[in-house]
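Worksheet: one structure, shown below.
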Amino acid sequence: MSKFKKITSNQLFIPLMALILLAVINLINDPGFFKVTLGTNNAGYPVLSGYLITILDYGSELGILAIGMTLVTAASGGQDISVGATIAIAGSAMLRVLCGGNSRPETIQAPIIVAFLVACVVGMLCGAFNGALVALFKIQPMIATLILFTAGRSIAAWINNNELPIVPDPKFSYFGGFIPGIPIPTTVFIVAICIVIIALVLKFTNLGLYTQAVGINESSSRLNGINPTLIKFISFVILGLCVAVAALIKVSRLSTINYSVIAKDIEMDAILAVALGGNALSGGKFNMWSSILGAYVIQFLTTTLYKFNVQSDALAAYKAVVVILLVVFSAPTVRDYMGQLMKKMSLARKEAA
Amino acid sequence: MRGINKSFPGVRALQNVDFKLEKGEIHALMGENGAGKSTLIKVLTGVYTKDSGTIELEGKGEVAIHSPQDAQKLGISTVYQEITLCPNLTVAENMFIGREKSSITNWKQMNADADKLLKKLDIPAIATQQLSNCSIAVQQMVAIARAVDMDCKVLILDEPTSSLDEQEVEKLFGLMRDLKAMGVGIIFVTHFLDQVYEVCDKITVLRDGQLVGEYEIKDLPRVQLVAKMLGKEMDDLSDIKGEGKQYNGADAGETVFEAEQLQSDAGIKPFDFHIKKGEVNGFTGLLGSGRSECVRAIFGADRVLGGKVKVHGKEVKINKPLDAMKNGIAYLPEDRKVDGIIGDLSVRDNIIMALQVMTGFFKPFSRAKAEAFADEYIKKLNIKTASSDTPIKSLSGGNQQKVILARWLLMHPEYLILDEPTRGIDVGTKVDIQKLVLELASEGMSVTFISSETDEMLRTCSRLVVMRDRKVVGELSGEDLTQNKIMSTIAGGE
Amino acid sequence: MMKRVLAVLMASAMTLSLVACGSAAPASSGSAPAASGGKIKVGIINNDPNESGYRTANDADLKAKFTEANGYEASFAYSLKNDEQIQYAQNFIQDEVDYLLLSAADTAGWDSVLKDAQAAGVKVILFDRTIDADPSLYEASIVSDMAKEGQTAVDWLAGQNLSEYNVIHIQGVMGSAAQQGRSGALDTKVAAESNWNIVKQQTAEWNAEKAQQIVQSVIDAGTPFNVIYAENDDMAKGAVAALDAAGISHGVGKDVVVMGFDCNKWALEELLAQNWNYDGQCNPFQSSYIDDIIKKLEAGETLSQKTIIMDEKGFDASTITQDDVDNYGI
């Protein structure tokens, strides 16, 4: 009983269970599901392929966003629903710098690193805007971020005068694809770098402690000398940075952008990742690794659904089912009931023995 | 109400309490926190079910009240301190919502009825006005009007005046007197002594869930009332103190902290204050008199509006808690749940919190160091917890308080402010904390100690600042530190 | 107070999104009343130009044609919502425009406002999309025939004489006219021929990223295929990105035939480079047809036909020229 409780109360339990469940379903359906093969791409370089690689590759943006979304959720007790739109803004800014306002340039007009840094600044500015509304003006996060959610994609289109620029340099496509000679998708490395950075930040600063303290009890945190306004603000700025990195990957995948569909509905997946990681959406304590794992579980689900030929406009419905299950299983009453059920069962077993 | 009993797990909240309210009478229900006032009211209004005892109502004999609806049907209405109306609706809608006679509302009729009632009760509001546009006092009155219109015979006003200014209080009292003339019996719960003497006919005093007595207002001078509330008869107030005095070596020390005309946005009048090295002093006064607001202003917890603050004679700016902490000031807040504990975090994180913030954002303690800090204080203060990893919210109140205390002691402050550190915790821990305070002072720490229990204060403090109605009204030390003197200063006037 | 700040912010966000969508709101045209100095006053209601490259080209074409130099005084209004478009139409009628040009977001709900237009003497010309209203309520409609586009493409594919057709069919937003027209021809052909198979049929909602994932999923499953039939260029591009990563060759004389629609300039360049095989045109250049009709009506001529279906080509990678790219790319 106590062992059972210990396992189930671990935050990684829910996403891990979901992962195992999905893996088993796929394995039964197709024993070759986990096969990874080494082939060559059309540029003649070796690349790995297979469902697992696909999941790792396409889950990258979500994994990166989950980092920022976890912090925002923990500190503010609310969620940022504007990440999809701000990806469009940051991506558009990146293309504007790379193509210099010309939709079909012969060469890139600025180094990729400059474009990326500009996108980072733009992303963080969007985050700062949301953060100021939430932290300073005490507006509910979902309402505050509704502003950029509504206006963001139009702003993105405005940045490039409604043009859809195409980046001519093949190097730009490495970020969302493969670097020649390296068979692992570049996105995997980008995520790894992000994870290492956030792990270092959490280890060598008090960001985690402060964020949780503010999320759990703002008034008490203040009396302990923490500045809750600043912490909330910072969490949104960090999410803005994550958005810029995600935008780099998204735009790089096709070397172009479509303002109205890029990263569509990704905010809901990012929020779902946080919830799936067992983090309370009302804020407070968080487990970063659990959220990131949650992100890959969602991509696993998406890939599985594509495999089973589920219409992609029906994906949302399946995700809704996951949300319902999550809500039900994390409800205290259900947990109590399950606990009692386990108790009874172990008692019955003892009696039988 | 006769012989009311009510127990909660571990506490007997009401023991054999009698209460009598006559028609056309304003009756004050007095007592310090935890005396049982609100429990009694909740039993009367059906929020709680009594364990035993009877409630009788004029003409109806014994009545059964099992739910707030029952109470309302019998004509018992309550107006709470926080407005429980809907601010987005109009005055008239608020007065009639939930009790329309048919499902179709006749708006014209409703507004006309509302205006009539407002006029009758002389309430300065218009039926069609949105409630949130009215002042708090008028909102309060609208709530009363709603109650009155429901044929109420018994009206309970729970701390209605705490957020009103003097003129608004006057208006409210006018309304209460009108209702009294109409024959409504009013139960008035308040902490403000002056208001009791201004408007009430009778006083019932509760203490620790027991009835102290019912008195005619003219028979009970203020000092007596305070004595009854605090549980000390005037006569046997000899010097309980004594033992506290031996720790009183404060006169020699230098002044550690000094405030001049300090004022915050929490509604207290500007005050002066100082404390010396190794001194234990305190703020006393009834609940709501502004004790906590004073120390919150010192710590920068409320927004400071004016005044000067000096630490070791040097002027410093304290605008936020971190400023105070950097100047060696620590503050254990009054409301442990809201301002003290960080519930979901572990005991360890709760202990290191303040020192960690002081140390800096980029210098987190290593796990081993945090563990060592936590273990040291868990042992030192004898905190009962399964491990330092246990979330603080699963500890008992007393142990939670010790964790918060540990948090501030870990900071090694020069000046420690304890606001009601002993409230709601068991006797053993109370004694521990008092002993600790005196021990700390003997080691040279300055401590400000606030408690609702005067004997605690007398046992520990060598100087008391007395407050009434958000104003400092006196300072007592040396020979003046007696129950008698404290109570007469609190009561004022006579 | 906070609520008010929020309200202002929200309102400005909404306004911003409108401003970004279209440069001129219809109200601005009210400044110059009826005396238009011999110029023909037109009010143009279109969908949001950000919607797609097609729409961007369509809007640019209209803007280039209806200029003062060409004798027009034009006002533009954009929305993807029918009710907003109707509101704009009413504003234009009040402004007494001579012609109302309309690309309706939705087919239903236009009757009453078009009657108002008729009563006010405003002539209505539909472009790009038809509506469910009595033909007497408008002068002409200039449209693309999506079903014909699909048929042209499927006929071309059949002409490739592959021994077997294993098709990945990537659809647009389900229920849209373009999706229905372009899917219909293929579905009919697959049902009729024994050597035509659908390997995967899924909607990517005009979204390149989704198309990429769908094709990736087929590749991961190891199912063989030799045709990608994507209902627009964006989705074809996403599909090709997945092929490239997996080392599957595509284009003229290669393993997989790639087909797209809309004739974006960059897509035609892919054809020219032999990376893709076919691109079907969906002609966004309706302005010259409209201009023609207005000229005729102004001259008092009657129109020979009410519905004008534009010429639309299908381009084959083996025959496309640089001139085609320049002339037909959008």
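The values are calculated or read from the model by the stated rules, or taken from the named source; none is laboratory data. Fair warning: this is a prediction, and the values are worked out from it, not measured in the lab. Quick reminder, even Gly has a Cβ in these numbers, built from the backbone with ideal geometry, and neighbours come from all protein chains shown.
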Go through the range A:111-151 and count every residue that is out of contact with any Leu (no Cβ under 8 Å at 6 or more places or on another chain), outside any helix (DSSP H, G or I) and within 8 Å of chain C (Cβ to nearest Cβ). 1
Can you spot a residue in the range B:415-422 that is crowded, with 18+ Cβ neighbours inside 10 Å, over 22 Å from B:Val338 (Cβ atoms) and away from chain A (no Cβ under 14 Å)? yes
If a residue counts only when it is more than 8 Å from every other protein chain (Cβ to nearest Cβ) and among the acidic types (Asp, Glu), which helices (runs of 4 or more DSSP H) contained entirely in the range A:152-259 have at least 1 such residues? A:218-223
Could you please let me know if B:Tyr377 is within 10 Å of another protein chain (Cβ to nearest Cβ), hydroxyl-bearing (Ser, Thr, Tyr) and buried (at least 21 other Cβ atoms within 10 Å of the Cβ)? no
Within the range A:1-29, track down each residue that is within 14 Å of chain C (Cβ to nearest Cβ) and either closer than 18 Å to A:Ile182 by Cα or modelled with pLDDT under 85 (or both). none
Could you check, for the range C:163-178, whether at least one of its residues is assigned to a helix (DSSP H, G or I) and either charged (D, E, K, R) or under 18 Å from the mean Cα position of the chain (by Cα) (or both)? yes
List the pairs whose first member sits in the range C:106-126 and is on the phi > 0 side of the Ramachandran plot, whose second member is in a helix (DSSP H, G or I), and whose Cβ atoms are under 9 Å apart, counting only residues at least 6 apart or on separate chains? C:Gly109/C:Asn82; C:Gly109/C:Asp83; C:Gly109/C:Ile86
Pull up the range C:170-184, narrow it to residues that are crowded, with 21+ Cβ neighbours inside 10 Å and within 12 Å of another protein chain (Cβ to nearest Cβ), then point me to the one that is modelled with the lowest pLDDT. C:Gly172
Which residues, counting only those in the range A:297-314, are more than 8 Å from chain C (Cβ to nearest Cβ), assigned to a loop (DSSP other than H, G, I, E, B) and either within 20 Å of the chain's Cα centre (by Cα) or not aliphatic (A, V, I, L, M) (or both)? A:Phe308
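So, B:Val338, is that one without any contact (Cβ under 8 Å) to a residue 12 or more places away in the chain and β-branched (Val, Ile, Thr) or not?
Judged against the criteria, B:Val338 is a match.
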For the range B:313-357, which positions are part of a helix (DSSP H, G or I), more than 7 Å from chain A (Cβ to nearest Cβ) and buried (at least 24 other Cβ atoms within 10 Å of the Cβ)? B:Ala324, B:Val347, B:Arg348, B:Asn350, B:Ile351, B:Ile352
Condition check for A:Val196: in contact with a Ser or Thr (Cβ under 7 Å, 6 or more places away or on another chain) and among the aliphatic types (A, V, I, L, M): no
Hey, A:Gly68 hits all of (1) surrounded by 13 or more Cβ atoms within 10 Å (Cβ to Cβ); (2) at pLDDT below 90; (3) closer than 22 Å to A:Gly278 by Cβ but one; which does it fall short on? (2)
Looking at B:Asp469, B:Asp480, B:Asp432, which is the one that is surrounded by fewer than 20 Cβ atoms within 10 Å (Cβ to Cβ), in contact (Cβ under 8 Å) with a residue 24 or more places away in the chain and within 27 Å of B:Leu225 (Cα to Cα)? B:Asp469
Which of (1) buried (at least 18 other Cβ atoms within 10 Å of the Cβ); (2) within 29 Å of A:Asn224 (Cβ to Cβ); (3) without any contact (Cβ under 8 Å) to a residue 60 or more places away in the chain does B:Thr489 not meet, given it meets every other one? (2)
Could you please find all residues in the range C:272-330 being assigned to a helix (DSSP H, G or I), touching a helix residue (DSSP H, G or I) at 6+ places or on another chain (Cβ under 9 Å), surrounded by 12 or more Cβ atoms within 10 Å (Cβ to Cβ) and not hydroxyl-bearing (Ser, Thr, Tyr)? C:Leu272, C:Ile290, C:Asp291, C:Asp324, C:Val325
In this structure, is A:Met288 in contact with a helix residue (DSSP H, G or I) (Cβ under 7 Å, 6 or more places away or on another chain) and among the hydrophobic types (A, V, I, L, M, F, W, C)? yes
If you go through the range B:435-451, how many residues are surrounded by 20 or more Cβ atoms within 10 Å (Cβ to Cβ) and not hydrophobic (A, V, I, L, M, F, W, C)? 3
Using the structure shown, decide if C:Ser163 is more than 14 Å from chain A (Cβ to nearest Cβ), farther than 19 Å from C:Ala236 by Cα and in contact with a Cys (Cβ under 8 Å, 6 or more places away or on another chain). no
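In the set B:Ala266, B:Ala301, which member is of a type in the set (Gly, Ala, Ser) and modelled with pLDDT under 90? Let's see the steps before the verdict.
Values: B:Ala301 fails: modelled with pLDDT under 90.
Answer to the selection: B:Ala266.
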Which number in (1) surrounded by fewer than 23 Cβ atoms within 10 Å (Cβ to Cβ); (2) out of contact with any Gly (no Cβ under 7 Å at 6 or more places or on another chain); (3) within 14 Å of chain A (Cβ to nearest Cβ); (4) not in a strand (DSSP E or B) marks the one condition that C:Ile198 misses? (4)
Pick from the range C:238-262 the residues that are of a type in the set (A, V, I, L, M, F, W, C) and part of a loop (DSSP other than H, G, I, E, B): which of them is farthest from the other protein chains (Cβ to nearest Cβ)? C:Val252
In the range A:35-84, the residues that are outside any loop (DSSP other than H, G, I, E, B), touching a Phe, Trp or Tyr at 6+ places or on another chain (Cβ under 7 Å) and hydrophobic (A, V, I, L, M, F, W, C): A:Val47, A:Leu52, A:Ile55, A:Val72, A:Ala74
Flagged pairs (Cβ under 7 angstrom, 6 or more apart or on separate chains; first in the range A:128-146, within 15 Å of A:Glu267 (Cβ to Cβ); second in a loop (DSSP other than H, G, I, E, B) and of a type in the set (Asp, Glu)) are A:Asn130/A:Asp80; A:Pro141/A:Asp80; A:Thr145/A:Asp80
With the condition kept exactly as written, say whether any residue in the range A:264-285 is over 30 Å from A:Ile216 (Cβ atoms), at pLDDT below 90 and in contact with an Asp or Glu (Cβ under 9 Å, 6 or more places away or on another chain). yes
Residue satisfying all of: in the range C:219-237; within 10 Å of chain A (Cβ to nearest Cβ) and surrounded by fewer than 24 Cβ atoms within 10 Å (Cβ to Cβ); nearest to C:Ala273 (Cα to Cα) among these: C:Ile219
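Can you confirm whether A:Ala280 is within 14 Å of chain C (Cβ to nearest Cβ), more than 23 Å from C:Val240 (Cα to Cα) and either touching a strand residue (DSSP E or B) at 6+ places or on another chain (Cβ under 7 Å) or of a type in the set (A, V, I, L, M, F, W, C) (or both)?
no
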Among (1) part of a helix (DSSP H, G or I); (2) of a type outside the set (Lys, Arg); (3) surrounded by 20 or more Cβ atoms within 10 Å (Cβ to Cβ) - the single one A:Ala23 does not satisfy: (3)
